[in-house]
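Have a look at the structure below before the remarks.
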Amino acid sequence: MDRGISWRPGLERIAPYQPGKPIEEVERELGISNAVKLASNENPLGPSPRVREALRRAAGAVHRYPDGACFGLRAALSRRLGVKPGELLLGNGSNELLVLLGQAYLRPGDEVLTSRQTFVVYEMVALLANAKLVAVPLRNYAYDLDALRRAVTPRTRLIFIANPNNPTGTAVEPRELRAFVDRVPGRCLVVLDEAYFEYMDPAFQADTLSWVRKRSNLVVLRTFSKAYALAGLRVGYGVAHASVAQAIERVREPFNVNHLAQAGAVAALADPAHMRRAVSLAKRERKRVSRALADLGCEVAPSQANFVFARVPRGDGRACYGRVLRLGVILRPMPGPYVRITLGTKAENDKMLSAMKAVVAVL
Ligand code: PMP
C-alpha cells in the first residue's frame, strides 16, 4: 500500500491539536439546536461594536497585503503598555509567537521546561524543534515553581509558564513568580504566557511588563483572543527585550498578522470598557459556577481565568463530557476524572449547571 512520502523524523510523535467541538457539528450530529459551547475559553459577549465597524471598513482593502510592520497596532499597543514599539512581538495569535520563539531559540537536544497539565502547544514547540520536553508535576493544580527551579539544567533553553494556567485556571503568587524569574540563569528564555491576564484578580496581576525592562531573557505573551473577544481574527502580542523582537522578525512570515486582524485589534484597544464588561462577567460567574459545581460534589481548582477545571465525583472526564454533550452543552474533556468548562453568559452557565447536575447524579 502506498503510505505516501516519508515524514521528517519525529513528526509522528506530534499529536494534532484537538480544538473544541464546533457548535454546528454538535447540533447536526445530535439533531438539536441551541447548543452551548463552553469548550474553547472564548468570550461569550462577542466583539465590541467598534470592532464590528472597523472590520466593515477594513473589508474593502483585503485585496492588498496587510501592513507587514503592523504600524498602527504596534503604535497603539506601545502607547497602552508603555513599551517601545521595538519591544513588541506580534503574531497570528499568541500561539504563533510560541512556535516562533521555539524556532528562534531552540537547538536540537535543548530542553524545554514547563509543567504537566498545561497548554499542549508547549510540547508541540519542543517536538517541532527536536528539543526535549521536561515537564514537572503540578502542585495543588498549580505550577510548582520550586520543582521547576530544581529541574533547570545546563541544557534548559526555554521555560514556558502559563499564568493563569490552562487547563487548571490557577495562578501563581506574583512574589513567587518574581523570585523564580530572578533566579533563572540568563541563558534560559522565560516565556510568561499571560493569555488570561485580564481575568486575574488584581492581587495576582504581577507587573511583569516592568520586569522585562530589566531582563533580556523574559518574554510576556498576551492575546486579543480572550478578554478582547477576537479569537477568530488571531492576534497575539508579546513584550520582550528588543533582541527577542529582532529574532522573531527573522523567523516570522512577512504578513503574519492579517489586515482585518490588525484593524480589529486597534478598535478593540479603543474600547476598554467592553473588555472590562467581559472580565466582570467572567469573575462573577466563576465564583458562582465554582460554588455550584462544588455543591454537586466536584472538586474545583481555584480559577483566575475565564474557565474552571473540575474533578467529577465519579467516572471520568470523557464520560461526563459525552453525557453533557447529549444535553446540548459542549465542555472540554481532560485526561482522568476532569473537565474544563469555559464560563459563558449567565444563561449558558445555568444550562451547563443543570446538565452537570443531571449527569453527575448518574455517573
Ligand atoms: N496560551 C494559552 C495558555 C492558551 O490557553 C491559549 C489559547 N487556548 C493560547 C496561548 C493561544 O491563544 P491565541 O493563539 O488565540 O492567542
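Per-residue answers, yes or no, for (1) of a type in the set (Lys, Arg); (2) within 16 Å of the ligand (Cβ to nearest atom); (3) in a helix (DSSP H, G or I):
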{"residue": "Val134", "(1), (2), (3)": "no, no, no"}
{"residue": "Arg157", "(1), (2), (3)": "yes, no, no"}
{"residue": "Thr168", "(1), (2), (3)": "no, yes, no"}
{"residue": "Val172", "(1), (2), (3)": "no, yes, no"}
Can we say Tyr141 is touching a Ser or Thr at 6+ places or on another chain (Cβ under 8 Å), within 15 Å of the ligand (Cβ to nearest atom), among the aromatic types (Phe, Trp, Tyr) and open to solvent by 20 Å² or more (accessible area, probe 1.4 Å)? yes
Just checking, does the range 301-308 include any residue being assigned to a loop (DSSP other than H, G, I, E, B), modelled with pLDDT of 95 or more and open to solvent by 40 Å² or more (accessible area, probe 1.4 Å)? yes
For the range 147-166, indicate whether the set of residues that are touching a Pro at 6+ places or on another chain (Cβ under 9 Å), over 18 Å from Ala301 (Cβ atoms) and surrounded by 15 or more Cβ atoms within 10 Å (Cβ to Cβ) is non-empty. yes
Just give me the residues in the range 229-278 being assigned to a loop (DSSP other than H, G, I, E, B) and not hydrophobic (A, V, I, L, M, F, W, C), in sequence order. Gly232, Arg234, His241, Arg252, Glu253, Pro254, Asn256, Asn258, Asp271
Please name all residue pairs, on different chains or six or more residues apart, with Cβ atoms under 7 Å, provided the first residue is in the range 39-60 and is buried (at least 21 other Cβ atoms within 10 Å of the Cβ) and the second residue is charged (D, E, K, R). Ala39/Lys21; Ala39/Arg332; Asn41/Lys226; Asn43/Lys226; Pro44/Glu348; Ser48/Asp271
Among the residues of the range 193-210, are any free of Cβ contacts under 8 Å to residues at least 40 places away in the same chain, among the hydroxyl-bearing types (Ser, Thr, Tyr) and within 15 Å of the ligand (Cβ to nearest atom)? yes
Given the residues Leu281, Leu269, Leu260, Leu296, which is the only one that is more than 24 Å from Glu176 (Cβ to Cβ), out of contact with any strand residue (DSSP E or B) (no Cβ under 8 Å at 6 or more places or on another chain), open to solvent by 50 Å² or more (accessible area, probe 1.4 Å) and hydrophobic (A, V, I, L, M, F, W, C)? Leu260
Determine whether Ser216 is touching a residue at least 60 places away in the same chain (Cβ under 8 Å) and in a loop (DSSP other than H, G, I, E, B). no
What residue, of Leu98, Leu77, is assigned to a helix (DSSP H, G or I), closer than 25 Å to Val51 by Cβ and either within 12 Å of the ligand (Cβ to nearest atom) or open to solvent by 30 Å² or more (accessible area, probe 1.4 Å) (or both)? Leu98
Return the pairs, sorted by first residue and then second, in which the second residue is part of a strand (DSSP E or B) and open to solvent by less than 10 Å² (accessible area, probe 1.4 Å), the first residue lies in the range 304-316 and is of a type in the set (S, T, N, Q), the beta carbons are less than 7 Å apart, and the residues are 6+ apart or on different chains. Asn306/Thr342
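The values are calculated or read from the model by the stated rules, or taken from the named source; none is laboratory data. This one's a predicted model, so the numbers in the text were calculated from it and none came from an experiment. All Cβ positions, glycine included, derive from the backbone under ideal geometry; neighbour counts span all protein chains shown. Remember, those area values only see protein heavy atoms, side chains included, never the ligands or the DNA or RNA. Shrake-Rupley method; radii C 1.70, N 1.55, O 1.52, S 1.80 Å.
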